[in-house]
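The values are calculated or read from the model by the stated rules, or taken from the named source; none is laboratory data. Treat the numbers as computed from the prediction; the structure is a model and nothing was measured. Cβ atoms come from the backbone with ideal geometry, glycine included; neighbour counts cover every protein chain shown.
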Amino acid sequence: MNPKSGTERMSDDDVQGIDRLRATYAKLRAELARVIIGQQGVIERLAICLFARGHALLMGVPGLAKTLLVSKLSETLSLKFNRIQFTPDLMPMDITGTDILQDVAGGHREFQFIAGPVFANVVLADEINRAPPKTQAAMLEAMQENKVTVVGKPFKLELPFVVLATQNPVEQEGTYPLPEAQLDRFMFLIELDYPSEAEEIQIARTTTGDALPELNRLLAAQEIIEYQNLVRRVPVPDHIYQYAARLVRKTRPNDRTSPTWLRPLVAWGAGPRAVQYLILGAKARAALLGSYMARLEDVQEVAAPVLTHRVITTFTAQSEGVDARQIVRRLIEETGTGE
């Protein structure tokens, strides 16, 4: 089957590429299951971000294997992985690197650039909200432009490049709220919940015995880039574009299409980048599941992680105990089928 979307049509090579990506994704999930118990929805969303060239912010209390999941994901993908532990005294040069005066041949000295931990394919920014704004600015440039600037010199980051940041929702002492501009650069907000009782028992069995197994490497960097390009070519029907735009516009309290109940609860709605990420997320999810075109259910599935951190609630909402998750969930339910 080779479906159409307007004038879009997938080539036979792309159809075969989707089939290979679906098979590879199934192997990836099976490989991670050797170490990660449960969290299948989280793994799917991380994979969507990776193949859509997006960054993800993981939110969850300590002990939910956020760091382990990210490190094992990079292990299966044969990518260079670096972890940055964010602290209040972290400086931009601790992330980007800096020039150091070095001895060279002939007794001369010259400055040599020593790359920082951001020069990796997968960067785990652990407790990212503990760093001050000046340090956050260095991360913002890397996330948006795939480059860093040190002493006025730009340095490109090697592709693929993805930032997977973690944030503890409980303890807020000594933290700096992420600027809205930086939050907007995260494609997904991925929220991790406690495991079920059966999963928790399995976690105890797995982690209190022998050392965790090393995972097989399934994908090289160039293969990931090719799959990222393939995801961009997944067709999207016109009514899916319209649905995504309509859903995002309803989050804005000043828009004429926003529901009456939302206006006193939301100070700022999502911007145009949310529409882009809804479409890219739908394309990536469709490809991972073996579909040759983006579907409405794909958009609806990625809507919550795309929109939740982009909807800024008012004091009225906070006083009534209404959060962005509830608002987004209700909007998705009310927006209809998109036909």
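Brief remarks follow.
- Any hit, the range 192-210, residues being touching a helix residue (DSSP H, G or I) at 6+ places or on another chain (Cβ under 7 Å), touching a residue at least 60 places away in the same chain (Cβ under 8 Å) and not hydroxyl-bearing (Ser, Thr, Tyr): yes
- Considering the range 263-274, and only residues there that are touching a residue at least 24 places away in the same chain (Cβ under 8 Å) and in a loop (DSSP other than H, G, I, E, B), the residue that is surrounded by the most Cβ atoms within 10 Å (Cβ to Cβ) turns out to be ALA270.
- Test: GLY38 is at positive phi and surrounded by 17 or more Cβ atoms within 10 Å (Cβ to Cβ): yes
- Here the range 110-160 is the region considered, the condition is being among the aromatic types (Phe, Trp, Tyr) and modelled with pLDDT of 85 or more, and the residue that is farthest from LYS80 (Cα to Cα) is PHE155.
- Filter result (assigned to a helix (DSSP H, G or I) and touching a Leu at 6+ places or on another chain (Cβ under 8 Å)) within the range 308-323: THR308, HIS309, ARG310, THR316, ALA317
- ILE312 being out of contact with any Ser or Thr (no Cβ under 6 Å at 6 or more places or on another chain), in the same structural domain as PRO160 (by TED's automatic domain parsing), in contact (Cβ under 8 Å) with a residue 40 or more places away in the chain and among the β-branched types (Val, Ile, Thr): no
- For the range 20-39, the criterion of being at pLDDT 90 or above, over 28 Å from ALA204 (Cβ atoms), of a type outside the set (A, V, I, L, M, F, W, C) and under 13 Å from the mean Cα position of the chain (by Cα) is met by none of the residues.
- Of all the listed residues (THR251, THR260), the sole one being touching a residue at least 40 places away in the same chain (Cβ under 8 Å), among the hydroxyl-bearing types (Ser, Thr, Tyr) and outside the structural domain of LYS27 (by TED's automatic domain parsing) is THR251.
- Subset of the range 61-89 [charged (D, E, K, R) and over 16 Å from GLU44 (Cα atoms)]: GLU75, LYS80, ARG83, ASP89
- Boolean, ASP126 is among the charged types (D, E, K, R), in contact (Cβ under 8 Å) with a residue 12 or more places away in the chain, surrounded by fewer than 21 Cβ atoms within 10 Å (Cβ to Cβ) and not assigned by TED's automatic domain parsing to the domain that holds GLU199: no
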